[in-house]
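Comments concern the structure below.
The values are calculated or read from the model by the stated rules, or taken from the named source; none is laboratory data. Because the structure is a prediction, the values reported are computed rather than measured. Reconstructed Cβ throughout: ideal geometry from the backbone, glycine too, with neighbour counts over all protein chains shown.
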Amino acid sequence: MSRSNAVDELPGGNLDKGDDEDVAEAAARELLEETGFAASSVEVVGSTYLAAYATHHRFAAIALGCRRVAEPKPDREFLETVLMRRPEFINHVLSDELTD
């Protein structure tokens with residue numbers, strides 16, 4: 001698949017233990033599973049609902065001190081980890097190229 005046909009998304013998923021799993025721990029787990037990167041710290045920075053009529057709660061987290069520790073372990077997903085410096089990522093988000 002060429003990059004022009006790819007859909008850019010942030011790592012994400014669901015809480016494994018229902019409401020008992022810590023959101024920051026779930027974010028760190030998803031980051032590791034989908035990218036092979038581990039973070040030295042993860043901070044939840046926001047939350048919203050998926051849509052006005054939905055009960056699915058979404059969270060946003062920032063992972064700091066990331067380092068590659070493993071190969072990604074996709075679960076029925078096509079994944080390619082794309083690394084960007086912060087200014088490039090901000091421009092990418094502002095250009096509406098990010099689908100999340």
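Brief remarks follow.
- For beta carbons closer than 7 Å, sequence separation of 6+ or different chains, a first residue in segment 23-42 that is at negative phi and modelled with pLDDT under 95 and a second that is assigned to a strand (DSSP E or B) and of a type in the set (Phe, Trp, Tyr), the qualifying pairs are 23/59; 31/37.
- Counted residues, segment 18-69 - those being among the small types (Gly, Ala, Ser) and within 13 Å of the chain's Cα centre (by Cα): 10
- Residue check for residue 6: more than 13 Å from the chain's Cα centre (by Cα) and at pLDDT below 90: yes
- Any hit, segment 66-79, residues being assigned to a strand (DSSP E or B) and either surrounded by 11 or more Cβ atoms within 10 Å (Cβ to Cβ) or of a type in the set (D, E, K, R) (or both): yes
- The residue list 61, 52 contains one member that is of a type outside the set (D, E, K, R), out of contact with any Pro (no Cβ under 8 Å at 6 or more places or on another chain) and part of a loop (DSSP other than H, G, I, E, B), which is 52.
- Some residue of segment 82-96 being touching a helix residue (DSSP H, G or I) at 6+ places or on another chain (Cβ under 6 Å) and modelled with pLDDT of 80 or more: no
- Taking (1) loosely packed, with under 10 Cβ neighbours inside 10 Å; (2) under 19 Å from residue 15 (Cβ atoms) in turn, residue 42 satisfies each apart from (1).
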